[in-house]
Amino acid sequence: MELNDLYRDVILDHNRNPRNFGPLQNADAQAEGFNPLCGDRLTLRLKLDGDTIADVRFEGDGCAISTASASLMTEAVKGKTRAEALDVFERVHRLLTADDASGADLGKLAALSGVREYPARVKCASLCWHTLTKALSPADGAGAAVSTE
Ligand code: ZN
């Protein structure tokens, strides 16, 4: 199986069966994201245990890439500290924007590298990550909204 096929299968699977999708009761932080270019909307909610992301769930309506990216993200950051999650964000951002980033250290998230070939979709893939950083920023974690524009 070609690597690209494997990546496509991961995206399709996470779009069809998004992980951690749905409401989260008693969330400690939340943020909303909107990508006007594609119409992707998502609400991300976090439960924090000190500095650790104890639980994370998302709801929303978006294209396959935005849904799969959010699903992969929730799997990747659950159980991580704020600093660790932001480190993953940095590496995913590089994966989405730098041609020489292999994503070899990112596990399943490396599947997002396929988006690089479609610049218009990079915002779909990065929306949930920008929303996460917004939710994790202490100053305005509650009810904050981000837009990719
Ligand atoms: Zn989209």
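The values are calculated or read from the model by the stated rules, or taken from the named source; none is laboratory data. This one's a predicted model, so the numbers in the text were calculated from it and none came from an experiment. Virtual Cβ from ideal backbone geometry, glycine too; neighbours counted across all protein chains shown.
When the residues of the stretch 111-124 are filtered to those that are within 15 Å of Leu12 (Cβ to Cβ) and of a type in the set (Gly, Ala, Ser), which remaining residue is nearest to the ligand (Cβ to nearest atom)?
The first filter runs over the stretch 111-124 and keeps only residues within 15 Å of Leu12 (Cβ to Cβ), leaving 111-112, 114-115, 121, 124.
The next check asks that each one be of a type in the set (Gly, Ala, Ser); those that pass are 111, 114.
Details: Ala111: 16, Gly114: 14 Å.
Per the criteria, the residue is Gly114.
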Just to verify a result, which residue in the stretch 61-91, among those that are farther than 14 Å from Arg19 by Cβ and not in a helix (DSSP H, G or I), is farthest from the ligand (Cβ to nearest atom)?
Thr81
Out of Gly22, Gly62, I need the residue that is in contact with a helix residue (DSSP H, G or I) (Cβ under 9 Å, 6 or more places away or on another chain) and closer than 21 Å to Ala135 by Cβ. Which one?
Gly62
Just wondering, is there one or more residues in the stretch 94-104 that are assigned to a loop (DSSP other than H, G, I, E, B), surrounded by fewer than 13 Cβ atoms within 10 Å (Cβ to Cβ) and modelled with pLDDT of 85 or more?
yes
For the stretch 15-36, name all the residues that are buried (at least 18 other Cβ atoms within 10 Å of the Cβ), among the small types (Gly, Ala, Ser) and assigned to a loop (DSSP other than H, G, I, E, B).
Ala27
Residue among Gly107, Gly114, Gly60 that alone is in contact (Cβ under 8 Å) with a residue 40 or more places away in the chain and surrounded by fewer than 23 Cβ atoms within 10 Å (Cβ to Cβ)
Gly114
Cβ-Cβ distance below 7 Å, separation of 6 or more or different chains: which pairs start in the stretch 19-45 with a residue that is in contact (Cβ under 8 Å) with a residue 60 or more places away in the chain and under 21 Å from Ser137 (Cα atoms) and end on one that is in a loop (DSSP other than H, G, I, E, B) and within 16 Å of the ligand (Cβ to nearest atom)?
Asn35/Thr148; Leu42/Gly62
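Among the residues of the stretch 111-149, count how many are small (Gly, Ala, Ser), at pLDDT below 85 and not in a loop (DSSP other than H, G, I, E, B). Give the derivation first.
Quick first cut of the stretch 111-149, residues small (Gly, Ala, Ser) only: 111, 113-114, 120, 125-126, 135, 137, 139, 141-145, 147.
Narrowing the set further to residues that are at pLDDT below 85 leaves 139, 141-145, 147.
In the following step, the residues that additionally are not in a loop (DSSP other than H, G, I, E, B) were identified as 139, 144-145, 147.
Residues in the stretch 111-149 being small (Gly, Ala, Ser), at pLDDT below 85 and not in a loop (DSSP other than H, G, I, E, B): 4 in total.
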So Gly39 ticks every box in (1) buried (at least 16 other Cβ atoms within 10 Å of the Cβ); (2) within 11 Å of the ligand (Cβ to nearest atom) but one. Which box is left unticked?
(1)
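Leu12 - would you say it is surrounded by fewer than 16 Cβ atoms within 10 Å (Cβ to Cβ), within 16 Å of the ligand (Cβ to nearest atom) and not in a loop (DSSP other than H, G, I, E, B)?
Values: surrounded by fewer than 16 Cβ atoms within 10 Å (Cβ to Cβ): yes; within 16 Å of the ligand (Cβ to nearest atom): yes; not in a loop (DSSP other than H, G, I, E, B): yes.
Yes: the conditions hold for Leu12.
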